[in-house]
Amino acid sequence: MTTRSEWIAPGLAQVFELVLDAADDQRDLTIGEREEIFATGEAAHGTGGSLSQLIEAYLAGAAELWENVFGATEPGMAVEVGRTLRRVSENAVAGLASGFEAAQRRSIQAEEALRREVIHELLTGRGDVTHLEERARLAAIPAEPVQLVLVAESATALSELGPVHERVQVEIRSRAPGREMTTFVTAGQLVVIAPTASPAELRVVELSLAALDTGAWRCGVGRPSTSLAEIHRSYDDAREALRLSRIFGLDEFAVFDSLLAHRMLAADPVVAAALVDSVLSPLVQSRRGDLLETLASFVAHGGNMAAVARDLSLGSRSVAYRLDRIAELTGYSLRDPDGRLTLELALRCRPLVDPGG
């Protein structure tokens with residue numbers, strides 16, 4: 001049997017010995033030998049090196065291996081030994097790479113599992129606050145002093161680590177190089193945690209989403225959180241901003257702090273339903289189905305009668321008649337400040353009670 005020399009790359013000595021044994025016997029690697037080589041590749045991943053470094057180390061040793069083998073082989077046997085050695089050596093490289101990649105996949109899966117676990121803790125606020133910062137660091141989530149959460153949704157629910165998520169990450173990195181933003185998908189929505197960012201700075205996410213050919217997006221931005229333990233509040237705010245913008249048909253980039261009036265309208269669903277029912281029901285049930293449309297136009301144009309007339313293609317007298325009819329049916333006049341406020345509040349609360357109305 002050919003004598004094995006001491007190889008420079010640690011961990012590969014046994015692999016070379018197996019290759020030499022097979023070449024000397026002019027046979028393929030056994031199942032047990034293949035498993036041992038696979039395990040060597042797995043162990044190599046744990047040293048912190050790369051797959052290319054492992055292959056380079058093997059090839060460097062293989063060059064010396066070939067020299068030793070052919071230097072001790074009878075001339076008549078050189079061809080046969082060479083064929084066997086090449087085949088066995090190729091199988092050894094494949095085994096090392098397979099083992100390394102298997103360990104790498106497990107490592108990635110473990111890291112992703114930890115990341116999802118930490119993100120769940122952040123968004124629900126149910127994690128162990130004592131070790132949250134350390135766990136966030138292990139999950140590659142920056143523990144900045146101030147963070148904002150953005151939640152985005154499209155007509156189609158997203159899947160975790162799907163193609164849209166990956167494309168969004170690429171777009172954000174290209175538009176905001178150097179900015180650390182954590183992006184992930186949960187409950188079919190895209191979530192972005194951005195450290196030390198203002199709502200205006202998060203417009204880069206909106207631009208990134210608009211660059212995709214995936215249809216319209218809607219974004220909600222929460223209030224700043226001052227610690228990892230407070231991120232769940234910013235997340236809840238962002239989801240509420242998203243919900244209100246959807247219900248009220250607001251701008252597709254909604255910031256929680258800018259929705260004070262709409263938050264007040266949505267604060268008590270029971271009161272909102274009672275207001276809509278008592279004020280708008282007479283208009284809905286009226287034989288003149290255009291009264292609700294007239295009220296909506298009046299509110300939209302800030303009470304400008306000429307604009308309402310143009311909008312509805314009516315004369316000023318017809319508009320005035322309809323306004324009088326609204327006052328007669330509801331008991332609230334648009335010419336009276338309190339009556340106008342009540343009618344407008346009822347109209348604005350209607351999406352809360354009847355989203356499709």
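The values are calculated or read from the model by the stated rules, or taken from the named source; none is laboratory data. What you see is a predicted model, and the numbers here were worked out from it, not measured in a lab. Methodologically, a virtual Cβ is constructed for each residue, glycine included, from the backbone with ideal geometry; neighbour enumeration extends over all protein chains shown. Quick note on the areas: whole protein, heavy atoms, side chains included, nothing else; ligands and nucleic acids left out. Shrake-Rupley method; radii C 1.70, N 1.55, O 1.52, S 1.80 Å.
Tabulated data for the structure shown
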{"read-out": "Residue list for the range 134-169, filter: of a type in the set (S, T, N, Q) and in a loop (DSSP other than H, G, I, E, B)", "value": "Thr156, Ser159"}
{"read-out": "The one condition in (1) free of Cβ contacts under 8 Å to residues at least 24 places away in the same chain; (2) open to solvent by 20 Å² or more (accessible area, probe 1.4 Å); (3) closer than 30 Å to Pro142 by Cα; (4) not β-branched (Val, Ile, Thr) that Asp268 fails to fulfil", "value": "(3)"}
{"read-out": "Every pair of residues 6+ apart whose Cβ atoms lie under 8 Å, when the first sits in the range 182-202 and is touching a residue at least 24 places away in the same chain (Cβ under 8 Å) and part of a loop (DSSP other than H, G, I, E, B) while the second is open to solvent by 10 Å² or more (accessible area, probe 1.4 Å) and acidic (Asp, Glu)", "value": "Gly188/Glu153; Thr196/Glu144; Pro199/Asp257"}
{"read-out": "Members of the range 268-301 that are within 17 Å of Asp324 (Cα to Cα) and within 44 Å of the chain's Cα centre (by Cα)", "value": "Val279, Leu280, Ser281, Val284, Leu292, Glu293, Thr294, Leu295, Ala296, Ser297, Phe298, Val299"}
{"read-out": "Matching residues in the range 239-256 - criterion: being open to solvent by 50 Å² or more (accessible area, probe 1.4 Å), free of Cβ contacts under 8 Å to residues at least 60 places away in the same chain and farther than 19 Å from Val204 by Cα", "value": "Glu240, Arg243, Arg246"}
{"read-out": "Qualifying residue in the range 208-229 (condition: among the hydrophobic types (A, V, I, L, M, F, W, C), under 18 Å from Gln147 (Cβ atoms) and not in a strand (DSSP E or B))", "value": "yes"}
{"read-out": "Residue in the range 192-199 that is in contact with an Asp or Glu (Cβ under 7 Å, 6 or more places away or on another chain) and among the polar types (S, T, N, Q) present", "value": "yes"}
{"read-out": "Enumeration of residues in the range 281-317 that are touching a residue at least 12 places away in the same chain (Cβ under 8 Å) and closer than 30 Å to Asp237 by Cα", "value": "Ala296, Val299"}
{"read-out": "Matching residues, the range 101-133, being in contact with an Asp or Glu (Cβ under 7 Å, 6 or more places away or on another chain) and either among the basic types (Lys, Arg) or outside any helix (DSSP H, G or I) (or both)", "value": "Gly127"}
{"read-out": "Test: Arg175 is closer than 22 Å to Asp236 by Cβ and among the basic types (Lys, Arg)", "value": "no"}
{"read-out": "The range 341-357 residues that are at positive phi, paired with ones that are modelled with pLDDT of 95 or more and not in a helix (DSSP H, G or I) (beta carbon under 6 Å, 6 or more apart)", "value": "none"}
{"read-out": "First in the range 16-31 and among the charged types (D, E, K, R), second anywhere and open to solvent by less than 60 Å² (accessible area, probe 1.4 Å) and in a loop (DSSP other than H, G, I, E, B), Cβ under 7 Å, 6 or more apart", "value": "Asp24/Thr2"}
{"read-out": "Enumeration of residues in the range 225-238 that are surrounded by fewer than 20 Cβ atoms within 10 Å (Cβ to Cβ), closer than 20 Å to Phe184 by Cβ and out of contact with any helix residue (DSSP H, G or I) (no Cβ under 6 Å at 6 or more places or on another chain)", "value": "Ser227, Glu230, Arg233, Asp236"}
{"read-out": "Hey, Glu133 open to solvent by 50 Å² or more (accessible area, probe 1.4 Å), among the acidic types (Asp, Glu) and modelled with pLDDT of 80 or more or not", "value": "yes"}
{"read-out": "Flag for Arg105 being among the basic types (Lys, Arg) and open to solvent by 60 Å² or more (accessible area, probe 1.4 Å)", "value": "yes"}
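Residues checked against (1) loosely packed, with under 15 Cβ neighbours inside 10 Å; (2) out of contact with any strand residue (DSSP E or B) (no Cβ under 7 Å at 6 or more places or on another chain); (3) within 30 Å of Arg106 (Cα to Cα); (4) modelled with pLDDT of 70 or more:
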{"residue": "Pro10", "(1), (2), (3), (4)": "yes, yes, yes, no"}
{"residue": "Val15", "(1), (2), (3), (4)": "no, yes, yes, yes"}
{"residue": "Leu20", "(1), (2), (3), (4)": "no, yes, no, yes"}
{"residue": "Thr40", "(1), (2), (3), (4)": "no, yes, yes, yes"}
{"residue": "Ala78", "(1), (2), (3), (4)": "yes, yes, no, no"}
